[in-house]
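The values are calculated or read from the model by the stated rules, or taken from the named source; none is laboratory data. All of these numbers come straight from a predicted model, not from anything done at the bench. Ideal geometry is used to build each Cβ from the backbone, glycine not excepted, and the neighbour counts take in all protein chains shown.
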Amino acid sequence: MAYRWKNDLTDRDVTDEAVYLNRRQLLAGAAAGVGLAGIGSRATAAELEPTSWEDVTSYNNYYEFGTGKDDPAKYAHRLTVEPWSVQIDGLVDSPGSYAFEDIMAKMTVEERIYRFRCVEAWSMVVPWNGFELADLLEMAGVQSGAKYVAFETALRPDEMPGVARPVLDWPYVEGLRLDEAMHPLTIMATGIYGRDIPNQNGAPLRLVVPWKYGFKSIKSIVRITLTEDEPPTSWNKANPREYGFYSNVNPEVDHPRWSQASERVIGTGLFARRQDTLMFNGYADEVGALYAGMDLTKNF
Ligand SMILES: Nc1nc2c(c(=O)[nH]1)N[C@H]1C(S)=C(S)[C@@H](COP(=O)(O)O)O[C@H]1N2
Ligand SMILES: [Mo]
């Protein structure tokens, strides 16, 4: 079965759920007592046409490997992803270092086909495999004082050529409010197209928050900390005027240097197609209530 995936994938293959799930992704589900019947896509996925594997894995932002869109695909193979562990600490009942395999054995991996919108005004549709972040946080036991979740990417100067330059204040850090982190749309992705997630996309596990700009979806996570106070986030630290803590996709709030009303659709051929950007990236029905009463111009 593995050989199938060395060849070009068609859109039919993508929607042909479960058939292509590879060993690691499949075993994780099986160990959790979930068979193939438990692996499916969300209803909204039906209308979405996934971006090709080629585009999803060759047009990336992962500044630890360089700022060019093709740098991650060129250099991220240097990242050692096995063994991997995630430190979970702060306001949790069971703090400690969790081995990636132990996490996978307990989590239910499923497919989620999500829109993905970068703050730079381009977008893709990605067929992720992953588990709900809420399940991982519940495993560690969230304590009542916790209000936020902080995330940190690995920092490996020997393996990451991009961190030699102070483009950002390394390590890359991100954060969510606890209710955002616990929302069922928020996942930790461990795969794409049923294969283990490639290094350039954030192996072995990265956050995916589909209603927020892509930079919130932090890659190659080594630490998750439950906190009482709003944690610092890399792009906000770099330029607080341009990048807020929330960074919800919002076509009505422009970036100071460009419009956010529309987006370039990656992989649509020679003449790039543009489409209107949707409020909360199309997930307003699911997440709008999280921001009721908030001024989204101020809390951008
Ligand atoms: N550690 C880390 N995570 C990161 C980034 C980064 O530079 N470093 N870039 C972010 C940005 S700006 C985007 S758009 C997405 C890109 O994810 P993709 O390459 O899988 O499409 O990753 C986000 N996560
Ligand atoms: Mo981005």
Residue count for region 199-221, restricted to those that are outside any loop (DSSP other than H, G, I, E, B) and more than 10 Å from ligand 1 (Cβ to nearest atom) = 2
Please enumerate the residues belonging to region 286-300 that are part of a helix (DSSP H, G or I) and within 19 Å of SER123 (Cβ to Cβ).
-> GLU286, VAL287
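Are any residues in region 56-78 out of contact with any Leu (no Cβ under 9 Å at 6 or more places or on another chain), assigned to a helix (DSSP H, G or I) and of a type outside the set (Asp, Glu), and if so, which ones?
If the condition is that a residue be out of contact with any Leu (no Cβ under 9 Å at 6 or more places or on another chain), assigned to a helix (DSSP H, G or I) and of a type outside the set (Asp, Glu), then VAL56, THR57, SER58, PRO72, ALA73, LYS74, TYR75, ALA76, HIS77, ARG78 are the ones that fit.
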With the first residue restricted to region 198-218 and required to be under 19 Å from TYR283 (Cβ atoms) and without any contact (Cβ under 8 Å) to a residue 24 or more places away in the chain, and the second required to be in a loop (DSSP other than H, G, I, E, B) and within 6 Å of ligand 1 (Cβ to nearest atom), Cβ contacts under 6 Å at 6 or more apart or on different chains are ARG206/LYS219
The condition from (1) within 16 Å of ligand 2 (Cβ to nearest atom); (2) in a loop (DSSP other than H, G, I, E, B); (3) within 24 Å of TYR193 (Cα to Cα) that VAL81 misses is numbered (1)
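Are any residues in region 239-265 loosely packed, with under 11 Cβ neighbours inside 10 Å and farther than 14 Å from THR297 by Cα, and if so, which ones? Don't jump to the end; show me each part of the working.
The initial filter retains those residues of region 239-265 that are loosely packed, with under 11 Cβ neighbours inside 10 Å, namely 239, 241, 252, 256-258.
Residues satisfying the conditions are ASN239, ARG257, TRP258.
Could you go through region 204-226 and let me know if any residue there is of a type in the set (S, T, N, Q), out of contact with any Ser or Thr (no Cβ under 7 Å at 6 or more places or on another chain) and at pLDDT below 95.
Within region 204-226, the first condition is being of a type in the set (S, T, N, Q), and the residues that meet it are 217, 220, 225.
Filter once more, keeping what is out of contact with any Ser or Thr (no Cβ under 7 Å at 6 or more places or on another chain): 217, 225.
From the residues that got through so far, the ones that are at pLDDT below 95 too are none.
Within region 204-226, none of the residues are of a type in the set (S, T, N, Q), out of contact with any Ser or Thr (no Cβ under 7 Å at 6 or more places or on another chain) and at pLDDT below 95.
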Which condition number does PRO184 fail, the rest of (1) more than 16 Å from ligand 2 (Cβ to nearest atom); (2) touching a Cys at 6+ places or on another chain (Cβ under 6 Å) being met?
-> (2)
Failed item, numbered, when ASN250 is tested on (1) assigned to a loop (DSSP other than H, G, I, E, B); (2) away from ligand 2 (no atom under 16 Å from the Cβ); (3) closer than 29 Å to GLU110 by Cα = (2)
So which residues in region 60-106 are away from ligand 1 (no atom under 16 Å from the Cβ) and acidic (Asp, Glu), if there are any at all?
-> GLU82, ASP89, ASP93, GLU101, ASP102
When LEU137 is evaluated against the numbered criteria (1) part of a helix (DSSP H, G or I); (2) aliphatic (A, V, I, L, M); (3) closer than 28 Å to SER58 by Cα, which criterion, by number, is the only one it fails?
-> (3)
In this structure, is GLY162 modelled with pLDDT of 95 or more and within 16 Å of ligand 1 (Cβ to nearest atom)?
-> yes
Could you tell me whether any residue of region 173-181 is touching a residue at least 24 places away in the same chain (Cβ under 8 Å), surrounded by 17 or more Cβ atoms within 10 Å (Cβ to Cβ) and in a loop (DSSP other than H, G, I, E, B)?
-> no
